[in-house]
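Participant: Structure provided below as structure tokens; questions to follow.
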Amino acid sequence: SNFTADNYFGSKPLSVEFSNLSTGSDMFIWDFGNGNMQTSAIGDFIMNEYSQQGNYEVILIAQSTDLSTSCNDTSYVQINVEGYDIFNVFTPNNDDVNDMFHFNDWELSSLSVQIFNRWGQQVYHWDNPNGFWDGKGYNGENMPEAVYFYQMEATGKTGDSFVEKGTITLLR
């Protein structure tokens with residue numbers, strides 16, 4: 001059993017093409033470490049996508065179905081998927097704890113974020129990797145406690161572009 005990957009690390013979502021280099025086998029069992037498994041009689045290339053950050057151990061079991069030479073062999077590689085967790089609650093109450101919604105701890109070279117209320121109206125935005133939302137609207141008024149929606153478009157320092165969408169809960 002032997003295989004390689006075209007990417008061993010990268011940002012989410014990460015597509016990885018695995019090249020099966022096994023010899024003397026005719027059945028292959030893949031465990032991609034993210035809940036995806038696949039059995040194949042083809043020994044060439046296989047793709048898998050990692051949508052969540054984390055470290056994944058990929059396992060390939062190569063088997064021979066010839067009963068006279070029945071043999072199994074296993075090989076492993078690690079895939080490291082980088083990404084960013086987004087905290088989904090913030091409390092802009094001026095206690096200097098969790099007062100802002102931001103992406104400042106990310107390695108970004110550009111960032112654009114829009115904040116929408118539950119009716120789809122944009123209530124705030126920023127276009128700067130060091131920007132943030134302090135729970136105020138465009139006129140400086142405190143926005144009410146609620147669930148808001150955000151859309152973020154960014155470019156990382158490595159040049160990877162990505163879009164994140166989600167919800168943020170404002171509590172005072």
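The values are calculated or read from the model by the stated rules, or taken from the named source; none is laboratory data. As the structure is a prediction and not an experimental result, all values here were calculated from the model. Because the Cβ atoms are built from the backbone with ideal geometry, glycine has one as well, and the counts that use them run over all protein chains shown. Just so you know, the surface numbers come from the protein's heavy atoms only, side chains and all, with ligands and any DNA or RNA stripped out. Shrake-Rupley method; radii C 1.70, N 1.55, O 1.52, S 1.80 Å.
Participant: Once a ≥ b ≥ c are taken as the square roots of the eigenvalues of the Cα gyration tensor of region 96-139, is the result rounded (a/c under 1.5), prolate (a/b larger than b/c) or oblate (a/b not larger than b/c)?
Facilitator: Details: a/c = 2.27, a/b = 1.38, b/c = 1.65.
Since a/c reaches 1.5 but b/c is at least a/b, the shape of region 96-139 is classed as oblate.
Participant: Could you state, as a whole-number percent, how many of the C-alpha pairs of region 1-70 are farther apart than 19 Å? Don't jump to the answer; show the numbers that get you there.
Facilitator: Values: 806 of 2415 pairs.
That fraction is 33 percent.
Participant: Karplus couplings for region 45-56 from phi (6.51 cos²θ - 1.76 cosθ + 1.60, θ = phi - 60°), rounded to Hz, Gly and Pro as x?
Facilitator: 3J(HN,Hα) across region 45-56, in whole Hz: 10, 8, 10, 8, 10, 10, 9, 10, 5, x, 9, 10.
Participant: Then there's this: Set the Förster radius R0 to 41 Å, insert the Cβ-Cβ distance between Thr91 and Thr4 as r into 1/(1 + (r/R0)^6), and round the FRET efficiency to 0.05.
Facilitator: My answer for the efficiency is 0.30.
Participant: Further, regarding this structure: Sketch the reach of a paramagnetic label on Met47 as a point 7 Å from Cα along Cα-to-Cβ, and name the residues of region 1-18 whose backbone nitrogen lies under 18 Å away.
Facilitator: Answer for region 1-18: 4-18.
Participant: Report the one residue of Pro144, Asn128, Ile61 whose Cα lies farthest in the direction of the positive end of the charge dipole of region 56-172 (charges on C-beta: Lys and Arg +1, Asp and Glu -1; origin at the Cα centre).
Facilitator: Toward the positive end, the furthest listed residue is Pro144.
Participant: So how much accessible area does Ile46 have, in Å² to the nearest 10, using a 1.4 Å probe?
Facilitator: Rounded to the nearest 10, the figure is 20 Å².
Participant: Need one word for region 114-172: rounded, prolate or oblate. Basis is the Cα gyration tensor (sqrt eigenvalues a ≥ b ≥ c); a/c below 1.5 gives rounded, then a/b vs b/c decides. Please report the intermediate quantities before stating the final value.
Facilitator: Values: a/c = 2.42, a/b = 1.81, b/c = 1.33.
Prolate.
Participant: Take the solvent-accessible surface of the protein heavy atoms, probe 1.4 Å, and return the percent of it on region 22-75 that carbon and sulfur atoms account for. Kindly include the intermediate steps, with their values, before the conclusion.
Facilitator: On the way: 1580 of 3250 Å².
Answer for region 22-75 is 49 percent, counting heavy atoms of protein chains only.
Participant: Could you look at region 98-172 and say what percent of its accessible area is carbon and sulfur, using a 1.4 Å probe and all protein chains? Show your work: numbers first, answer last.
Facilitator: On the way: 1990 of 4250 Å².
Exposed carbon and sulfur together represent 47 percent of the surface.
Participant: Here is a further query. How large is the charge dipole for the chain, taken about the Cα centre, if only the Cβ atoms of Lys, Arg (+1) and Asp, Glu (-1) carry charge, to the nearest 20 debye? Intermediate values should be presented prior to the final figure.
Facilitator: Numbers: 6 positive and 23 negative charges, 89 e Å.
Here the chain has a charge dipole of around 420 debye.
Participant: Once a ≥ b ≥ c are taken as the square roots of the eigenvalues of the Cα gyration tensor of the chain, is the result rounded (a/c under 1.5), prolate (a/b larger than b/c) or oblate (a/b not larger than b/c)? Numbers along the way, then the final one.
Facilitator: Working: a/c = 3.83, a/b = 3.27, b/c = 1.17.
Prolate shape, in that a/c is at least 1.5 and a/b is the bigger ratio.
Participant: May I ask you to give the solvent-accessible area per residue for the chain, in square angstrom, as obtained with a 1.4 angstrom probe?
Facilitator: For the chain, the solvent-accessible area averages 58 Å² per residue.
Participant: Compare Asp99, Asp31 by solvent-accessible area with a 1.4 Å probe and give them largest first, with all protein chains kept in place. Before the final figure, lay out each step's value.
Facilitator: Numbers: Asp99 25, Asp31 45 Å².
Ranking Asp99, Asp31 by accessible area, largest first, yields Asp31, Asp99.
Participant: Got a number for the accessible area of Leu21? Probe 1.4 Å, square angstrom, nearest 10.
Facilitator: Taking all protein chains as shown, Leu21 has close to 90 Å².
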